[in-house]
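This report concerns only the one structure given below.
The values are calculated or read from the model by the stated rules, or taken from the named source; none is laboratory data. Keep in mind the model is a prediction, meaning the values are calculated, not measured. Methodologically, a virtual Cβ is constructed for each residue, glycine included, from the backbone with ideal geometry; neighbour enumeration extends over all protein chains shown. Calculation scope for accessible area: heavy atoms of the full protein, side chains included, ligands and nucleic acids excluded. Shrake-Rupley method; radii C 1.70, N 1.55, O 1.52, S 1.80 Å.
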Amino acid sequence: DLDPANWKPDPNGLLERLLSGKDAPHRDLPPDDVIADEFHLSAPVPVVHEADSSQTAVLARANAGEDLVVQGPPGTGKTQTITNLIANAIGTGKRVLFVAEKMAALNAAREKLEIAGLLEFCLELHSHKATPAAALKALQA
């Protein structure tokens, strides 16, 4: 599966960048609050959890189809942003694969999705409780 010869067309090069570790071309962008204001006026960004201007900018960029990386120290709202991104994707009929290096990140996102009433859309495959029978039952539901 990792052989580039087997990849489906990847017009944006996202898959290649993810698997190869190559960076996307850098481009300077206006400050997050300017982007948030711009998108707020033209296309409001729906959220299931409150979002500040930098989080709204991330949501707006993602909704506009941009590839981006969100990083920051603990307590800066990354999980809230991820939950809002997932909720927006679900709301538009998209599928999401959310992976994280640490179980705490998966659990935190799961809790926020549960608070937002979106847990029924989650298929947990990382849990020690996950079994093939449970996964099949969840898929059927």
Looking at segment 38-66 only, could you name the residues that are at pLDDT 60 or above, assigned to a helix (DSSP H, G or I) and open to solvent by 80 Å² or more (accessible area, probe 1.4 Å)? Glu38, Asn63
Could you grab me the full set of residues in segment 67-104 that are over 22 Å from Glu124 (Cα atoms) and more than 12 Å from the chain's Cα centre (by Cα)? Gln71, Gly72, Pro73, Pro74, Gly75, Thr76, Gly77
Do you know which residues across segment 87-102 are part of a loop (DSSP other than H, G, I, E, B) and of a type outside the set (Ser, Thr, Tyr)? Gly93, Lys94, Arg95, Val96, Leu97, Phe98, Val99, Ala100, Glu101, Lys102
Mind listing whichever residues of segment 68-86 are in contact with a helix residue (DSSP H, G or I) (Cβ under 8 Å, 6 or more places away or on another chain) and either among the aliphatic types (A, V, I, L, M) or part of a loop (DSSP other than H, G, I, E, B) (or both)? Leu68, Val70, Gln71, Gly72, Gly77, Ile82, Leu85, Ile86
Does segment 74-108 hold any residues that are surrounded by fewer than 17 Cβ atoms within 10 Å (Cβ to Cβ) and of a type in the set (D, E, K, R), and which are they? Lys94, Arg95, Glu101, Lys102
Glu111 - would you say it is surrounded by 11 or more Cβ atoms within 10 Å (Cβ to Cβ) and either closer than 20 Å to Asp52 by Cβ or charged (D, E, K, R) (or both)? yes
How about segment 104-141: which of its residues are of a type outside the set (A, V, I, L, M, F, W, C) and not in a loop (DSSP other than H, G, I, E, B)? Asn107, Arg110, Glu111, Lys112, Glu114, Glu120, Pro132, Lys137, Gln140
